[in-house]
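*Asks:* I am attaching a structure below and will ask some questions about it afterwards.
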Amino acid sequence: MAAPIIPLADYPGLVGRQVGVSTWVTVDQAMIDRFADLTGDRQFIHVDPVRAAQTPLGGTIAHGFLTLSLLGGMGMEIIPLPAGMAMSMNYGFDKLRFLAPVRSGARLRGRFTLAGLEDRGNGQHMLHYTASMEIEGEAKPALAADWLIMVVMAPR
């Protein structure tokens with residue numbers, strides 16, 4: 001699914017509105033192990049199912065940063081792009097919190113609300129999104145954050 005393309009002039013009307021919910025993504029042990037190998041974060045709660053089963057977690061969980069990194073692809077599926085955009089860049093996160101563990105085998109999806117828009121001049125616009133990562137079947141999200149995305153418009 002490709003993100004919708006809309007005129008930049010339409011963005012102010014979207015402030016405070018949910019722009020979408022991504023499809024579900026399964027976080028299995030193979031994904032967790034690949035992330036551990038790539039990052040070098042091989043803490044046992046992520047990669048040792050036998051030992052992790054002996055903790056209050058009851059089994060392995062995904063790295064918080066793995067969960068966060070999935071937000072990028074989910075956002076690309078849902079977050080509208082302005083017509084005439086040259087590029088967009090991840091500017092960072094405010095108020096990022098990991099609220100619940102993501103157990104191996106869990107399904108996640110992202111939910112995005114446009115919280116604000118700033119004209120930074122020179123064709124640059126900062127988009128502020130409230131993002132959450134839902135865990136299927138659980139009331140508490142895996143994470144919540146304010147996500148900042150810089151959009152640079154193509155020269156006219």
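The values are calculated or read from the model by the stated rules, or taken from the named source; none is laboratory data. This is a predicted model, so every value here is computed, not measured. Glycine also receives a Cβ, built like all others from the backbone with ideal geometry; neighbour counts cover every protein chain displayed.
*Asks:* So, residue 14, is that one closer than 17 Å to residue 129 by Cβ, touching a residue at least 40 places away in the same chain (Cβ under 8 Å) and buried (at least 17 other Cβ atoms within 10 Å of the Cβ) or not?
*Replies:* When the stated conditions are applied, residue 14 does not pass them.
*Asks:* Moving on to the next point. Out of all the residues in the range 86-93, is one or more under 14 Å from the mean Cα position of the chain (by Cα) and crowded, with 19+ Cβ neighbours inside 10 Å?
*Replies:* No.
*Asks:* Now for a separate question. Restricting attention to the range 46-63, which residues are crowded, with 18+ Cβ neighbours inside 10 Å and in a helix (DSSP H, G or I)?
*Replies:* If the condition is that a residue be crowded, with 18+ Cβ neighbours inside 10 Å and in a helix (DSSP H, G or I), then 46, 47, 52 are the ones that fit.
*Asks:* Separate question: Hey, could you check the range 19-45 for residues that are outside any loop (DSSP other than H, G, I, E, B) and among the hydroxyl-bearing types (Ser, Thr, Tyr) and say which is farthest from residue 4 (Cα to Cα)?
*Replies:* Among residues in the range 19-45 that are outside any loop (DSSP other than H, G, I, E, B) and among the hydroxyl-bearing types (Ser, Thr, Tyr), the one farthest from residue 4 (Cα to Cα) is 39.
*Asks:* Among the residues of the range 6-18, how many are of a type in the set (A, V, I, L, M) and either closer than 18 Å to residue 105 by Cβ or assigned to a loop (DSSP other than H, G, I, E, B) (or both)?
*Replies:* 1
*Asks:* Which of (1) surrounded by 17 or more Cβ atoms within 10 Å (Cβ to Cβ); (2) at positive phi; (3) not charged (D, E, K, R) does residue 98 not meet, given it meets every other one?
*Replies:* (2)
*Asks:* Out of (1) modelled with pLDDT of 95 or more; (2) assigned to a loop (DSSP other than H, G, I, E, B), what's the single condition that is false for residue 3?
*Replies:* All conditions are met except number (1).
*Asks:* Also, I was wondering about something else. Residue 2: in contact (Cβ under 8 Å) with a residue 40 or more places away in the chain and among the hydrophobic types (A, V, I, L, M, F, W, C), yes or no?
*Replies:* Answer is yes for this residue.
*Asks:* If you go through the range 101-136 one residue at a time, how many are part of a loop (DSSP other than H, G, I, E, B) and either without any contact (Cβ under 8 Å) to a residue 12 or more places away in the chain or surrounded by 19 or more Cβ atoms within 10 Å (Cβ to Cβ) (or both)?
*Replies:* Selection size over the range 101-136: 4.
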